[in-house]
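> One structure, as structure tokens, below. Some questions next.
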Amino acid sequence: MKWGYITFGKYTPYWREEASWDQRREKMKEIKEEAAKHGFEMVYWGSPYGVDKNVCVVWMSEKPLEAYHNLPLDMPFRDAATYPVAIQPTE
């Protein structure tokens, strides 16, 4: 079974106030590559609306929630909330 993980977070002060859009994009590219080594695909990332967080990342993997929590990633945000979603194939 594949799982989706929707993660919302708040950028750290550096990433929110000082980093340029290009720096954020490069950082997320690095995280995407590192996560892939651990079996997690970064599907999307961006700025969410209507929530009290300022970054959202959507992941997909066949690995369970425990493996997600053990990812050794240097995320540019804190106060993360993750929602696991069972992904069912559509035909």
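> Select from the range 1-51 the residues that are under 18 Å from PRO84 (Cα atoms), assigned to a loop (DSSP other than H, G, I, E, B) and under 15 Å from the mean Cα position of the chain (by Cα) and write down the one among them that is modelled with the lowest pLDDT.
The qualifying residue modelled with the lowest pLDDT is PRO48.
> Which of the residues that make up the range 17-33 are under 18 Å from TYR5 (Cβ atoms) and surrounded by 15 or more Cβ atoms within 10 Å (Cβ to Cβ)?
Hits for the range 17-33 are MET28, ILE31, LYS32.
> Moving on to the next point. Identify, from the list TRP21, TRP15, the residue that is touching a helix residue (DSSP H, G or I) at 6+ places or on another chain (Cβ under 8 Å) and either under 21 Å from ASP79 (Cα atoms) or among the aromatic types (Phe, Trp, Tyr) (or both).
Values: TRP21 fails: touching a helix residue (DSSP H, G or I) at 6+ places or on another chain (Cβ under 8 Å).
After applying the criteria, what remains is TRP15.
> Every residue in the range 44-83 that is surrounded by 14 or more Cβ atoms within 10 Å (Cβ to Cβ) and over 25 Å from GLU17 (Cα atoms), please.
Residues satisfying the conditions are TRP59, MET60, SER61, LYS63, ALA67, TYR68, LEU71.
> What number of residues within the range 1-20 satisfy the criterion of being free of Cβ contacts under 8 Å to residues at least 12 places away in the same chain and of a type in the set (A, V, I, L, M)?
Residues flagged as free of Cβ contacts under 8 Å to residues at least 12 places away in the same chain and of a type in the set (A, V, I, L, M) within the range 1-20 amount to 0.
> From the list MET60, MET75, pick out the single residue that is in contact with a Gly (Cβ under 9 Å, 6 or more places away or on another chain) and part of a loop (DSSP other than H, G, I, E, B).
Values: MET60 fails: part of a loop (DSSP other than H, G, I, E, B).
Going through MET60, MET75 in turn, just one is in contact with a Gly (Cβ under 9 Å, 6 or more places away or on another chain) and part of a loop (DSSP other than H, G, I, E, B): MET75.
The values are calculated or read from the model by the stated rules, or taken from the named source; none is laboratory data. If you're wondering where the values come from, they're calculated on a predicted model, not measured in any experiment. All Cβ positions, even for glycine, are placed from backbone atoms using ideal geometry, and neighbour counts span all protein chains on display.
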